[in-house]
Amino acid sequence: MQLNFSGLRALVTGAGKGIGRDTVKALHASGARVVAVSRTNADLVSLSKECPGIEPVCVDLGDWGATEKALGDVGPVDLLVNNAAVALMRPFLEVTKEDFDRSFSVNLRAVFQVSQIVARGMINRGVPGSIVNVSSMVAHVPFPSLAAYSSTKGAMTTLTKSMALELGPYKIRVNSVNPTVVLTAMGQKVSADPEFSRKLKERHPLKKFAEVEDVVNSILFLLSDRSASTSGSETVCVDLADWE
Ligand code: NDP
């Protein structure tokens with residue numbers, strides 16, 4: 001898909017690795033100026049070498065104060081990709097308060113915070129915008145040992161629709177992508193059991209996992225004017241019926 005984001009400034013969270021990293025590269029290649037936000041500085045240093053001119057911001061998005069300091073004055077942003085997340089794997093009965101708090105602060109609270117900063121800027125400038133929340137199929141399909149992570153993604157479904165409703169009058173669209181497993185570091189961790197992995201592929205309509213590029217393309221489509229009438233949507237790729 002050949003898209004042109006020239007003249008626009010994008011912010012991508014979780015930009016150091018996986019889906020976020022390739023989203024930054026694709027936006028940069030499509031002419032956008034990109035603010036790349038992530039936690040590990042070495043990732044941002046190597047990404048800056050690959051994509052000269054991007055603006056790296058190193059911050060732990062689970063820390064509200066540090067995020068406010070790092071992004072409070074981020075300046076004009078037209079496109080936002082809320083991609084950063086942690087998937088802490090623990091059986092439901094063993095989930096600790098720390099697991100819960102970390103999952104919700106990174107995966108959900110930071111989405112509130114960064115989106116508020118960016119949307120306020122769009123509204124003050126009187127410009128339209130597009131926000132994509134990177135959710136997951138687990139918003140709809142339970143995975144073993146992912147109760148905390150899945151809960152954050154389930155809540156993201158409601159958050160996406162709420163944001164779409166309230167920001168729509170300002171011409172700010174909000175959508176989510178809900179991928180199946182993608183074999184990044186996170187995807188390899190959650191699908192490590194071969195039998196589980198086989199069943200998972202079997203349940204997918206296309207009988208396979210997604211490639212990083214597939215998810216990036218969906219994100220770019222939702223960021224672009226090609227989806228100008230789409231807001232409050234989420235992609236769901238697995239049917240819950242007869243899931244074992
Ligand atoms: P990765 O673990 O490969 O990459 C996640 C990136 O987010 C890393 O750069 C990581 O930095 C960063 N990040 C994590 N926590 C923080 C934080 N507190 N502050 C700032 N940056 C942070 O994940 P994926 O690329 O696989 O996942 C990207 C998104 O896609 C997530 O929202 C995930 O839930 C979703 N998703 C992934 C699927 C998969 O199978 N991979 C399936 C469905 C959805 P660092 O490594 O330095 O912590």
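The values are calculated or read from the model by the stated rules, or taken from the named source; none is laboratory data. Computed from a prediction, not measured in an experiment: that's the story for all the values here. All Cβ positions, glycine included, derive from the backbone under ideal geometry; neighbour counts span all protein chains shown. When the accessible area is computed, the model is the full protein with side chains, heavy atoms only, and any ligands, DNA or RNA have been set aside. Shrake-Rupley method; radii C 1.70, N 1.55, O 1.52, S 1.80 Å.
Remarks
- Comparison of Ala36, Ala26 shows that the only residue that is touching a helix residue (DSSP H, G or I) at 6+ places or on another chain (Cβ under 6 Å) and outside any helix (DSSP H, G or I) is Ala36.
- Qualifying position, being under 23 Å from Val118 (Cα atoms), in contact with an Asp or Glu (Cβ under 8 Å, 6 or more places away or on another chain) and part of a helix (DSSP H, G or I), among Ala70, Ala66: Ala66
- Gly62 vs. criteria open to solvent by less than 50 Å² (accessible area, probe 1.4 Å), in contact with a strand residue (DSSP E or B) (Cβ under 8 Å, 6 or more places away or on another chain) and within 25 Å of Val212 (Cβ to Cβ): no
- Of everything listed in (1) of a type in the set (Val, Ile, Thr); (2) open to solvent by 20 Å² or more (accessible area, probe 1.4 Å); (3) under 16 Å from the mean Cα position of the chain (by Cα); (4) more than 9 Å from the ligand (Cβ to nearest atom), the single unmet condition for Val45 is (3).
- At least 3 residues being open to solvent by 20 Å² or more (accessible area, probe 1.4 Å) and free of Cβ contacts under 8 Å to residues at least 40 places away in the same chain is the threshold, and among the helices (runs of 4 or more DSSP H) wholly inside segment 138-244 those reaching it are 147-167, 194-203.
- Complete set of residues in segment 120-137 that are surrounded by fewer than 20 Cβ atoms within 10 Å (Cβ to Cβ) and either among the hydrophobic types (A, V, I, L, M, F, W, C) or not in a helix (DSSP H, G or I) (or both): Ile123, Gly126, Val127, Pro128
- Cβ pairs under 6 Å, 6+ apart, first in segment 99-127 and in contact (Cβ under 8 Å) with a residue 12 or more places away in the chain and within 20 Å of Gly168 (Cα to Cα), second open to solvent by less than 50 Å² (accessible area, probe 1.4 Å) and part of a helix (DSSP H, G or I): Gln113/Thr67; Ile117/Leu71; Ala119/Leu167
- Every residue from segment 75-105 that is within 14 Å of the ligand (Cβ to nearest atom), in a loop (DSSP other than H, G, I, E, B) and aliphatic (A, V, I, L, M): Ala84, Ala85, Val86, Ala87, Leu88, Met89
Quick grid of which residues meet (1) open to solvent by less than 50 Å² (accessible area, probe 1.4 Å); (2) more than 9 Å from the ligand (Cβ to nearest atom); (3) free of Cβ contacts under 8 Å to residues at least 12 places away in the same chain; (4) under 14 Å from Val81 (Cα atoms):
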| site | (1), (2), (3), (4) |
| --- | --- |
| Ser6 | no, yes, no, no |
| Val12 | yes, yes, no, yes |
| Ala32 | yes, yes, no, yes |
| Val35 | yes, yes, no, yes |
| Ser38 | yes, no, no, yes |
| Lys69 | no, yes, yes, no |
